[in-house]
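Everything on this sheet refers to the single structure shown next.
The values are calculated or read from the model by the stated rules, or taken from the named source; none is laboratory data. All figures in this text were calculated on a predicted structure; none of them were measured in a lab. Cβ atoms come from the backbone with ideal geometry, glycine included; neighbour counts cover every protein chain shown.
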Amino acid sequence: MKASVDLPVCGESHVDRQHEDELKTRLPSEDQAVDAAAVFTHLSDSTRVRLLSMLAASDMCVCEMADLLGMSQPAVSHHLRVLRQCDVIRFRKSGQRAMYYISDNEIGDMVKRLLEVAGCGKGQTDERR
């Protein structure tokens, strides 16, 4: 049996004010934290992860995604709208079809990387725009 070691208890002796002040400058504001939490919430749906996996591989229209997932077009459109609201995906018109793709921004890059790490798709760069 090991002898107990006296470790400092939270109190004045361990506080490093300079370190705490530096960390405080890096904390997001409440509004920023709410926005980030919304993105995480929107990404936590398995259907949306599957849609993003498809879009990481290729631009697609709603009808293609609906067929691949065996879902109705309105249901897929709902999920795409949520992803558009947090700027994870965008669309461009191609004739009468709307072609969806992962946004070419910091959030889109992060999502592609998360999909790679999770083994759900390969984030790819291409010359579509």
Checked the range 89-129 for anything modelled with pLDDT under 95, assigned to a loop (DSSP other than H, G, I, E, B) and either under 23 Å from Ser46 (Cβ atoms) or touching an Asp or Glu at 6+ places or on another chain (Cβ under 6 Å) (or both); matches are Gly119, Cys120, Gly121, Lys122, Gly123, Gln124, Arg128
Pairs under 7 Å by beta carbon, first residue in contact (Cβ under 8 Å) with a residue 40 or more places away in the chain and surrounded by 12 or more Cβ atoms within 10 Å (Cβ to Cβ) in the range 70-96, partner not acidic (Asp, Glu) and not in a helix (DSSP H, G or I), six or more apart or different chains? Leu83/Ile89; Val88/Ile102; Val88/Ser103
Per the list (1) over 22 Å from the mean Cα position of the chain (by Cα); (2) modelled with pLDDT of 95 or more; (3) surrounded by fewer than 11 Cβ atoms within 10 Å (Cβ to Cβ), residue check on Asp67 breaks on (3)
Residue list for the range 21-33, filter: surrounded by 10 or more Cβ atoms within 10 Å (Cβ to Cβ) and either at pLDDT below 85 or among the charged types (D, E, K, R) (or both): Glu22
Look at Arg17 and say whether it is free of Cβ contacts under 8 Å to residues at least 12 places away in the same chain and not small (Gly, Ala, Ser). yes
